[in-house]
There are 2 protein chains.
Amino acid sequence: MPDRIYNFSPGPATLPQEVLHQAAKDIVNFKDKGIGLIEMSHRSKEFMAVTEETESLLRELFAIPSNYKVLFLQGGASTQFAMVPMNLLGNGKTATYLNTGTWSKKAIKEAQLFGDIDVAYSSEESVFNHVPQPGDYTVAPESEYLYFVSNNTIYGTQFHEFPDTDKDLICDMSSDILSRKIDVSRFGIIFAGAQKNMGPAGCAVVIIRDDLLDRTPDNVPTMFRYKTHADKGSMFNTPPCFAIYSIGLVLKWLKKSGGLDAMEALNQEKAALLYTTIDGSDFFRGHAKTASRSNMNVTFNLPTPELEAQFISEAAAKGFDGLKGHRSVGGIRASIYNAFPKKGVEDLVEFMKEFEKKNS
Amino acid sequence: MPDRIYNFSPGPATLPQEVLHQAAKDIVNFKDKGIGLIEMSHRSKEFMAVTEETESLLRELFAIPSNYKVLFLQGGASTQFAMVPMNLLGNGKTATYLNTGTWSKKAIKEAQLFGDIDVAYSSEESVFNHVPQPGDYTVAPESEYLYFVSNNTIYGTQFHEFPDTDKDLICDMSSDILSRKIDVSRFGIIFAGAQKNMGPAGCAVVIIRDDLLDRTPDNVPTMFRYKTHADKGSMFNTPPCFAIYSIGLVLKWLKKSGGLDAMEALNQEKAALLYTTIDGSDFFRGHAKTASRSNMNVTFNLPTPELEAQFISEAAAKGFDGLKGHRSVGGIRASIYNAFPKKGVEDLVEFMKEFEKKNS
């Protein structure tokens with residue numbers, strides 16, 4: 001194996017190498033304090049400073065307005081599927097959901113435990129190969145919020161235009177947060193598992209407008225109330241310290257790399273390399289409809305499942321790892337998050353062209 | 001600062017240095033696979049093997065019977081305060097709790113949302129300076145379980161004899177799991193945050209007898225059902241990969257160090273050094289009653305708050321970190337978990353004696 005393979009995993013995903021090297025140093029001896037990062041009390045001034053710096057960088061890079069709280073929680077995005085309706089719904093309340101894939105389906109299932117759920121749009125019949133455009137659905141007037149998933153990792157689709165509604169938008173942004181500039185003020189809650197664009201697994205970042213903190217019914221347990229964590233700066237109980245620290249390192253790298261403007265341009269370039277290759281070939285066939293194509297996860301098929309298996313196997317031998325598509329779509333999925341190097345995409349494109357030449 | 005201070009923090013707590021060094025290596029390049037540990041898909045065969053090895057070592061060292069599931073969850077012990085009653089109680093059901101400190105009080109508060117809670121014993125009036133002995137309380141006959149906290153980090157008390165009842169024991173073992181041999185088959189559920197005796201923050205280990213998996217009411221969200229995680233080997237969603245991996249390293253170290261027999265003997269030796277010093281002095285005064293003294297957290301006071309502040313400050317200057325007691329008890333707390341070196345305890349005892357000589 002080479003020193004460093006190309007890791008196309010959908011998540012946990014590739015991280016900047018400088019982040020890994022810095023983490024390796026700090027785990028043994030944090031800032032030469034004679035104590036490892038993962039041994040430090042979360043209430044030590046050193047670790048409090050780590051958390052504050054991470055939050056402050058996230059606020060700066062993502063342009064988070066001051067009336068939003070930033071929370072570092074555990075349990076992944078999957079726990080948020082329940083926490084959102086636990087905090088915002090209750091008997092007789094309604095919310096609208098857009099069903100654009102596995103993750104929205106799971107979120108809908110949890111929400112149905114806590115209110116009336118209006119599924120205003122579903123692309124399930126076309127194997128979730130697109131997301132709706134504004135105007136494709138109507139939001140129930142009595143809805144508390146409109147929930148959607150901005151990027152669908154499994155199917156390789158992405159909202160390039162956000163829903164146009166006066167309802168609070170609640171967004172699972174797990175697989176494209178920080179990949180582009182957005183207007184946070186259009187959202188009530190944005191949440192995202194860290195393990196794609198932000199850091200290692202083990203932390204979900206929740207960005208919540210502060211007026212939403214006071215709606216939680218009394219019977220919701222302490223740990224599942226957003227206000228619990230907002231009031232204590234994510235230190236109500238021991239937080240996922242290593243993940244928060246690592247997110248901070250990734251954010252420093254992101255800032256140094258030019259912030260979201262530079263990252264958005266780079267992500268478009270990387271995705272375009274693959275989509276152009278797919279479009280210029282009869283051998284490769286993209287899963288997602290053009291207007292819904294994701295810049296994070298590029299999904300495509302080959303003429304037969306046998307060729308797909310051969311493609312994955314030959315790619316792995318060359319150090320292209322994690323290209324196997326999710327079982328619900330099959331084929332190939334190249335996940336090319338922020339930290340995935342452009343050179344890796346170029347090399348994959350070259351490999352695709354050679355493979356097509358030999359096998360078509 | 002020396003290369004390595006003595007870290008008396010109650011948690012996150014000191015870890016074996018060899019664990020830190022191994023983690024530092026694997027974070028950059030796991031087993032020379034050309035990919036860092038924290039970038040690997042949780043479904044890769046490499047990471048699945050990490051999880052299996054961690055579980056297998058825990059089963060071996062803690063002698064967990066085969067009819068128990070081992071779960072690696074997120075949200076800390078605080079989330080378990082809610083998950084236990086969510087899964088085992090419901091309308092009209094009763095559970096018995098022993099109130100021996102801050103963590104049991106918090107657990108009682110959450111349980112009251114899901115059933116009738118019988119607090120059979122409380123040591124709150126004596127600032128939680130002891131735990132009950134068998135016979136000090138009776139368990140309501142209709143109780144579904146008896147809940148207790150085996151070691152009270154804040155007050156420095158520990159159960160040396162477990163409750164004697166035919167009810168299922170549910171135990172928060174966060175601060176003394178793996179510090180001694182126990183008979184797991186006496187328990188329905190044992191849970192523990194990792195960040196004291198097992199690894200870094202970000203993972204709670206749950207050991208649950210398998211017949212308890214099927215009692216959960218239908219209205220409990222997917223992520224808060226034990227069965228969800230048991231059915232998927234803790235891989236229902238992305239688990240806290242780095243914490244699971246680190247727990248595995250700590251368990252390897254524990255095995256190499258002689259397992260629980262050796263650890264229990266060492267823990268008794270370390271604690272005895274401090275308690276003997278306290279008992280042999282009129283200057284230091286232990287908080288916990290003798291029969292309830294913890295081998296993990298040794299709490300004591302000095303004659304005045306001023307002397308306590310001076311003690312903490314002079315100790316810190318010598319590289320003894322994290323000795324300040326919790327605000328609810330004041331004074332000094334020396335947390336001496338499994339990985340805390342005996343030499344550190346000996347050096348602290350020497351410092352205590354010098355401090356007493358100079359200041360009494």
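Miscellaneous remarks
- Across the identical copies, the 7 Å label point of A:Asp136, projected outward along Cα→Cβ, sits 6.4 nm from its counterparts, in ascending order.
- Eligible aspartates and glutamates near A:Lys106 by straight Cα distance, threshold 12 Å, same-chain separation 8 or greater: A:Asp172
- Contact residues in the range B:19-43 by the 40 Å² criterion (accessible area, 1.4 Å probe, full protein complex versus chain alone): B:Leu20, B:Ala24, B:Ile27, B:Val28, B:Gly34, B:Ile35, B:Ile38, B:Glu39.
- Using a probe of 1.4 Å on the protein chains alone, the accessible area found for B:His42 is around 10 Å².
- Beta bridges per DSSP, both residues in the protein assembly as shown: antiparallel share near 50 percent.
- Straight-distance candidates among the aspartates and glutamates for linking to B:Lys167, with alpha-carbon spacing under 18 Å and chain neighbours fewer than 8 residues away dropped: B:Asp116, B:Asp118, B:Asp136, B:Glu142, B:Glu144, B:Asp183, B:Asp210, B:Asp211, B:Asp214.
- On a per residue basis, the range B:258-359 carries 44 Å² of accessible surface, using protein heavy atoms and a 1.4 Å probe.
- Counting Cβ atoms of other protein chains within 10 Å of each residue's Cβ and taking the mean over peptide B:211-223 gives 3.
- Using the Cβ of B:Phe81 as centre and a radius below 12 Å, the other residues enclosed give a net charge of +1, where K and R count +1 and D and E count -1.
- Inter-copy label distances at A:Asp282, using a point 7 Å along Cα-to-Cβ, come to 10.1 nm with the shortest given first.
- Split the accessible area of chain A by element, probe 1.4 Å, and carbon with sulfur accounts for 48%.
- Per residue of peptide A:322-328, the mean number of Cβ atoms on other chains within 10 Å of the residue Cβ is 1.
- Within the assembled protein chains, the solvent-accessible surface assigned to B:Glu53 is about 80 Å², based on a 1.4 Å probe.
- Copy-to-copy label separations for A:Asp231, where each label sits 7 Å from Cα toward Cβ, in nm and ascending: 3.5
- Projecting the Cα atoms of B:Phe187, B:Val329, B:Tyr121 onto the charge dipole of the protein assembly as shown, computed from C-beta unit charges around the Cα centre, puts B:Val329 farthest toward the positive end.
- Expected 222 nm ellipticity per residue - DSSP helices of 4 or more, -39500 (n - 2.57), all of the protein assembly as shown, to 500: -11500 deg cm²/dmol
- Under conditions of 37 °C and 0.692 mPa s, the protein assembly as shown yields 123 µm² s⁻¹ as its translational diffusion coefficient, taking Rh as the Kirkwood radius over Cα pairs in the Stokes-Einstein equation.
- Local electrostatic count at A:Thr96 - Lys and Arg +1, Asp and Glu -1, tallied over other residues with Cβ under 11 Å: -4
- Buried accessible surface for the B/A chain pair comes to about 4400 Å², total over both chains, computed with a 1.4 Å probe.
- Spatially, the range A:174-222 and the range A:19-39 are offset by 28 Å when compared through their Cα centroids.
- Rounded to 5, the percent of DSSP beta bridges in the range A:18-256 classed as antiparallel: 40
- Measuring between alpha carbons in the structure, the pairs from A:Lys227/A:Lys256; A:Lys45/A:Lys232; A:Lys181/A:Lys289; B:Lys181/B:Lys256 lying more than 25 angstrom apart are A:Lys227/A:Lys256.
- Calculated FRET value between B:Asn91 and B:Asp231, using beta carbons and R₀ = 35 Å, to 0.05: 0.85
- Residue-span extension gain [B:Arg327 to B:Asp218] - 0.36 nm each, minus C-alpha spacing: 35.2 nm
- R0 of 25 Å, Cβ-Cβ distance A:Ala63-A:Lys109: FRET efficiency to nearest 0.05: 0.15
- A simple spin-label model places pseudo-atoms 7 Å from Cα toward Cβ; at B:Asp32 and B:Glu314 they are separated by 5.3 nm.
- Computed accessible area, A:Trp253, all protein chains, 1.4 angstrom probe, square angstrom: 40
- Summed side-chain charge close to A:Leu251 - residues other than A:Leu251 whose Cβ falls under 9 Å, Lys, Arg +1, Asp, Glu -1: 0
- Projected label distance in nm at B:Glu142 and A:Glu161, using a 7 Å step from Cα toward the beta-carbon: 6.1
- Equivalent ellipsoid semi-axes, the range A:208-250, via Cα gyration tensor eigenvalues times 5, rooted, Å: 24, 12, 7
- Take each residue in B:68-78, count the other chain C-beta atoms within 10 Å of its C-beta, and the mean is 4.
- Using the Cβ-Cβ distance between A:Lys342 and A:Glu124 with R0 = 45 Å, the FRET efficiency computed as 1/(1 + (r/R0)^6) comes to roughly 0.85.
- Cα-Cα pairs of the range B:18-256 separated by more than 34 Å (percent): 17
The values are calculated or read from the model by the stated rules, or taken from the named source; none is laboratory data. Since we're looking at a predicted model, the values are computed, not measured. Glycine gets a Cβ as well: all are built from the backbone with ideal geometry, and neighbour counts include every protein chain shown. In case anyone asks, the SASA skips ligands and DNA or RNA and just uses the protein heavy atoms, side chains included. Shrake-Rupley method; radii C 1.70, N 1.55, O 1.52, S 1.80 Å.
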